[in-house]
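Undergrad: I'd like to ask some things about the structure below.
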Amino acid sequence: MVKESNKDKNSQPKTQQQPMQPGMMMWDAGIMYFSDGFDSQTTKPVIQAIIEKNLMPNTQRPKELTLVINSPGGQVHSAFALIDTMKGSAIPVKTVGIGMIASCGLLTFMSGTKGRRVITPNTSILSHQYSWGSGGKEHELFARVREFELSTARMLEHYKKCTGLSEKKVRDILLPPEDRWLSAKEAVKYGIADKIVSTY
């Protein structure tokens with residue numbers, strides 16, 4: 001039998017470790033970054049990620065998920081699909097507000113686990129009433145008005161639960177007729193955020 005020399009061993013190509021794909025370290029750590037407008041396509045990967053993490057064996061589950069939000073807003077129904085997924089998660093979801101959290105971005109941010117909703121000092125925060133535009137026949141407009149009323153009621157209830165404010169204060173301070181821009185300190189004051197941080 002011919003023995004393999006050390007020289008032959010050294011000349012054999014070594015198996016190279018595959019480079020880690022962008023985002024894999026964040027995925028492994030349970031960190032998700034959302035920087036789009038809200039619709040059924042942009043929220044889909046975040047919803048899937050939360051569900052998949054919850055389906056992992058208990059020994060492999062992260063103790064906490066982190067959702068970093070930088071969003072100008074979008075479709076309220078898509079936002080509530082993500083919010084309901086967050087609320088149904090057995091794993092607590094920490095939310096981090098950076099850049100801008102506006103409209104649906106704010107709705108989602110305030111849905112994080114109480115005590116774990118943090119915001120950076122330079123974040124722009126926009127709160128406003130549910131808005132919509134519609135055209136069509138008279139009966140279609142009546143149907144849209146009903147949908148508007150239901151969505152407005154959902155938003156009010158959501159603000160009340162997340163902030164601890166009364167409906168009157170929510171309407172007067174956070175959902176007045178005009179757009180309401182808030183500082184990070186005001187977000188903490190009104191119960192939207194729990195803490196201002198420089199690093200997270």
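Since every read-out is calculated from the coordinates, none of them should be taken as a lab result. Computed from a predicted model, the values in this text were never measured in an experiment. Here the Cβ is made from the backbone with ideal geometry for all residues, glycine too, and neighbour counts use every protein chain on show.
Undergrad: With each pseudo-label sitting 7 Å past Cα toward Cβ, what's the ARG116-LYS63 distance in nm, one decimal?
TA: 1.0 nm
Undergrad: To continue, here is another question. Would you pull out the residues with amide H under 5 Å of PHE38's amide H, same chain only if 5 or more places away, H placed 1.01 Å from N?
TA: Here GLY73, GLY74, GLN75 satisfy the definition.
Undergrad: A follow-up question, please. Quick one: which of 93-104, 76-87, 166-177 comes out on top by average Cβ neighbours within 10 Å, and what's the full order, highest first? Mind showing how you got there, number by number?
TA: Numbers: 93-104: 23.1, 76-87: 18.8, 166-177: 14.5.
So the peptides 93-104, 76-87, 166-177, ranked by packing, come out 93-104, 76-87, 166-177.
Undergrad: How large is ³J(HN,Hα) for each residue in segment 118-123, as worked out from phi by the Karplus curve 6.51 cos²θ - 1.76 cosθ + 1.60 (θ = phi - 60°), to whole Hz, x for Gly and Pro?
TA: 10, 9, 7, x, 9, 6
Undergrad: Tell me which residues come under 5 Å, amide H to amide H, from MET100 once H is placed; ignore anything under 5 positions away on its chain.
TA: Amide H to amide H, under 5 Å and 5 or more residues apart or across chains, MET100 pairs with SER71, SER124.
Undergrad: Further question on the same structure: Return the Rg/Rh value of segment 33-196, two decimal places, where both radii are evaluated on C-alpha atoms and Rh is the Kirkwood radius.
TA: Working: Rg = 16.2 Å, Rh = 16.4 Å.
A ratio of 0.99.
Undergrad: I need the calculated FRET efficiency for the pair ARG146 and SER40, taking r as the beta carbon distance and R₀ as 25 Å, to the nearest 0.05. If you can, show how the numbers build up before the last one.
TA: On the way: r = 22 Å, r/R0 = 0.87.
Computed FRET efficiency for ARG146 and SER40: 0.70.
Undergrad: Something else: Residue-wise, which Karplus ³J(HN,Hα) couplings in Hz belong to segment 189-199, taking 6.51 cos²θ - 1.76 cosθ + 1.60, θ = phi - 60°, and x for glycine or proline?
TA: 4, 8, x, 7, 10, 9, 7, 9, 10, 9, 10
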